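Enquirer: Just dropping this structure here.
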Amino acid sequence: AAWATPVPALRFGLRMLAAGIVVAGAAVGSATGCAASAVVLLCSLAAGRVRRRGLGIAGLAVAAALVTGTVWAVAANVLPAGLTSALAGPLAEHRVQLWRDAARLAHRNTALGVGPGRFGELSGTAPAALLPDGKPHSAPLQQAAEQGLVGVLLLATAFCWILYALWRSPRSTPVTLTAGAALTALAAIAAVGNALSFTTVSAGAGLLAGLATARPWVAGVAAVPGG
């Protein structure tokens, strides 16, 4: 929104609002929210100096792939013991066990998975949670366990299509890269958590993607003869 407005005072106010969100995340004790908001804000400020958005979009794709690959490696227990311990420490042992349950189910039912919503029934770890929700708390691992390779490919395709749409968007490069950074941060959080299970989060992500890829309203009106 700050990059989209031509009014300097409004742009400054919107940036202060974004900085306030970072501070609010720290105040309520949400380390993940604070860090993600700070990263998006820094990426937004840096986006003003980027001239070729393709490089920025490619960087966002690589970042999302690295986070997802790391989660998968922890779930498959293929990393060195020291690195696994360092990564698993902040995540909590219960979540790591959920991931490993999901990886085992995905390995046994590679193509189509065990069926939507069945992870909670077949996981030995999920029922032991204080507030069991039957989810592995990782979107890619949940897709792999419940819908197999098909589900993982659909999830990856949706994210890649959004990045492609941002690359081709008629909006300015700072607007598209800022939106891309926010959606990539959400993808990273969804890879290690349960973010996409909340309707408001998914709807907000769709709204953000739509606003960042739509043609500017003024340009659309001006293109209409006699408009």
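Enquirer: May I have the convex hull volume per residue, in Å³, for the Cα set of the range 70-168?
Expert: Output value, Cα hull per residue: 117 Å³.
Enquirer: At 0.36 nm per residue, minus the direct Cα-Cα distance, what do residue 161 and residue 70 gain on full extension? Give it in nm, one decimal, please.
Expert: Additional length available on full extension: 30.5 nm.
Enquirer: Only sites in a loop by DSSP and with at most 14 other Cβ atoms within 10 Å count here; which trypsin sites (Lys or Arg not before Pro) in the range 34-131 make the cut?
Expert: Counting only loop positions with at most 14 other Cβ atoms within 10 Å, the trypsin sites (Lys or Arg not before Pro) in the range 34-131 are 49, 51, 52.
Enquirer: While we're here: Just to make sure I understand: if all protein chains stay in place, what is the order of 137, 94, 107 by accessible area at 1.4 Å, largest first?
Expert: If we order 137, 94, 107 from most to least accessible, we get 107, 94, 137.
Enquirer: So, one more: Only Cα pairs under 8 Å and at least 6 apart count here; give the relative contact order of the chain as a rounded whole percent.
Expert: Relative contact order comes out at 22 percent.
Enquirer: Under 5 Å between amide hydrogens, which residues at least 5 positions from residue 123 or on another chain qualify, with H placed 1.01 Å from N in the peptide plane?
Expert: It is none; the list stays empty.
Enquirer: Now for a different question. How high is the FRET efficiency from residue 16 to residue 121, r the C-beta distance, R0 41 Å, rounded to 0.05?
Expert: The value I calculate is 0.30.
Enquirer: If you don't mind, there's one more thing I want to ask. Starting from the 7 Å offset along Cα-to-Cβ, what nm value, one decimal, do you get for the label separation of residue 77 and residue 7?
Expert: 5.9 nm
Enquirer: Quick check: convex hull of the Cα atoms in the range 40-99, volume per residue, rounded to a whole Å³?
Expert: That works out to 106 Å³ per residue.
Enquirer: Grab the Cα-Cα distance for residue 84 and residue 215, subtract it from 0.36 nm times how many residues apart they are, and report the gain in nm with one decimal.
Expert: Here the answer is 42.6 nm.
Enquirer: Let me ask something additional. Report P(r) for the range 105-227: all Cα-Cα distances, bin width 5 Å, range 0 to the bin holding the largest distance, values in whole percent.
Expert: 2, 11, 16, 18, 15, 12, 9, 7, 5, 3, 2, 1, 0, 0
Enquirer: Ok, one more. Just check the chain against the gyration tensor rule for me: Cα atoms, a ≥ b ≥ c as the square roots of the eigenvalues, rounded for a/c under 1.5, and otherwise prolate or oblate depending on whether a/b exceeds b/c.
Expert: Taking the square roots of the gyration eigenvalues as a ≥ b ≥ c, the chain is prolate.
Enquirer: Counting only protein heavy atoms and using a 1.4 Å probe, what share of the accessible area of the chain belongs to carbon plus sulfur, as a whole percent?
Expert: So the carbon and sulfur contribution to the accessible surface is 70 percent.
Enquirer: When the Kirkwood radius is taken over all Cα pairs of the range 1-113, what Stokes-Einstein diffusion coefficient follows at 10 °C and 1.306 mPa s, in µm²/s?
Expert: 92 µm²/s
Enquirer: Residue by residue, what Karplus-based ³J(HN,Hα) values in Hz, rounded to whole numbers, does the range 159-166 have, using 6.51, -1.76 and 1.60 with θ = phi - 60° and x for Gly and Pro?
Expert: Here the 3J(HN,Hα) series is 5, 5, 5, 4, 5, 5, 4, 5 Hz.
The values are calculated or read from the model by the stated rules, or taken from the named source; none is laboratory data. Keep in mind that this is a model prediction, so the values were computed, not measured. Every residue, glycine as well, gets a Cβ built from its backbone with ideal geometry; the counts of neighbours run over all protein chains shown. Just the protein is used for accessible areas: all its heavy atoms, side chains included, with ligands, DNA and RNA removed. Shrake-Rupley method; radii C 1.70, N 1.55, O 1.52, S 1.80 Å.
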